[in-house]
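Visitor: Please see the structure below; I have some questions.
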Amino acid sequence: MEFSFKYAQYSHFNLLSKNDQKLVDAAFEAMNNAYAPYSEFQVGASVLLGNGHVVLGNNQENLAYPSGLCAERVALFYAGANYPNEVIDTICIVAKGTLVSKELILAPCGSCRQVMIESSMRQSTPIRIIMVNQDNRTLVIDKVEDLLPFAFSK
Ligand code: THU
């Protein structure tokens, strides 16, 4: 048995389609509004919905550390709360800070992957993921299931 998946890599997000570039710009905008005084690692997420709307999220930290939440889940839960019937087409994730080295791709944490899987199962269509690292290198993954093999699922 073997698990493998294909993904696209670009040296800069300006090689993406215009629509995807807009989504990346929105994620950067969200990142700059993150509340991350403890980690000083700001993360932004933008979510493209089926109706073309883009919703934003960023990490929200708390003095009681575990009470905070990642950017991806802020965005996905906002989408679920406010657009419960809209499909999630794509999520884009960007970050800045010294916590993760500049050349590493900011891949979503395991909890966020689990939440993405649930969103994808609910809508029965794949969710695309765009990840832009701190030197603009970009990965595009066709479906969240690729990032979480053997997910906890129904
Ligand atoms: N963080 C995210 O927002 N998304 C991730 O995928 C990984 C980590 C946040 C959580 C915390 O506020 C900060 O980054 C440092 O872990």
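Visitor: Please identify the GluC sites (Glu not before Pro) of region 62-116 that satisfy two criteria: DSSP loop assignment and at most 12 other Cβ atoms within 10 Å. Which are they?
Guide: Working: sites: E72, E86, E103; in loops: E86, E103.
Hits after loop and neighbour filter: E103.
Visitor: Suppose the chain between Y35 and N85 were pulled fully straight at 0.36 nm per residue; how much longer would it get relative to their current alpha carbon spacing?
Guide: 15.1 nm
Visitor: List the trypsin sites (Lys or Arg not before Pro) in region 1-104 that DSSP assigns to loop (not H, G, I, E or B) and whose Cβ has at most 12 other Cβ atoms within 10 Å. Which are they? Spell out each step's value before the answer.
Guide: Numbers: sites: K6, K18, K22, R73, K96, K102; in loops: K6, K102.
Taking region 1-104 and a limit of 12 other Cβ atoms within 10 Å, the loop trypsin sites (Lys or Arg not before Pro) found are K6, K102.
Visitor: Take the alpha-carbon centre of region 101-128, take the same for region 1-70, and report the distance between them in whole Å.
Guide: Their Cα centres are 10 Å away from one another.
Visitor: So if I restrict to the alpha-carbon atoms in the chain, what is the Rg, and what is Dmax, the biggest pairwise distance, in Å?
Guide: Every Cα atom of the chain included, Rg and Dmax give 14.7, 45 Å.
Visitor: Go through region 1-82 and name the chymotrypsin sites (Phe, Trp or Tyr not before Pro) that are in a DSSP coil and have 10 or fewer other Cβ atoms within 10 Å of their Cβ.
Guide: Here the chymotrypsin sites (Phe, Trp or Tyr not before Pro) that fit, given the DSSP loop and packing criteria, are F3.
FYI, it's all coordinate maths here, none of it is from the lab. Every value quoted in this text rests on a predicted model; they were computed, and no experiment measured them. All Cβ positions, glycine included, derive from the backbone under ideal geometry; neighbour counts span all protein chains shown.
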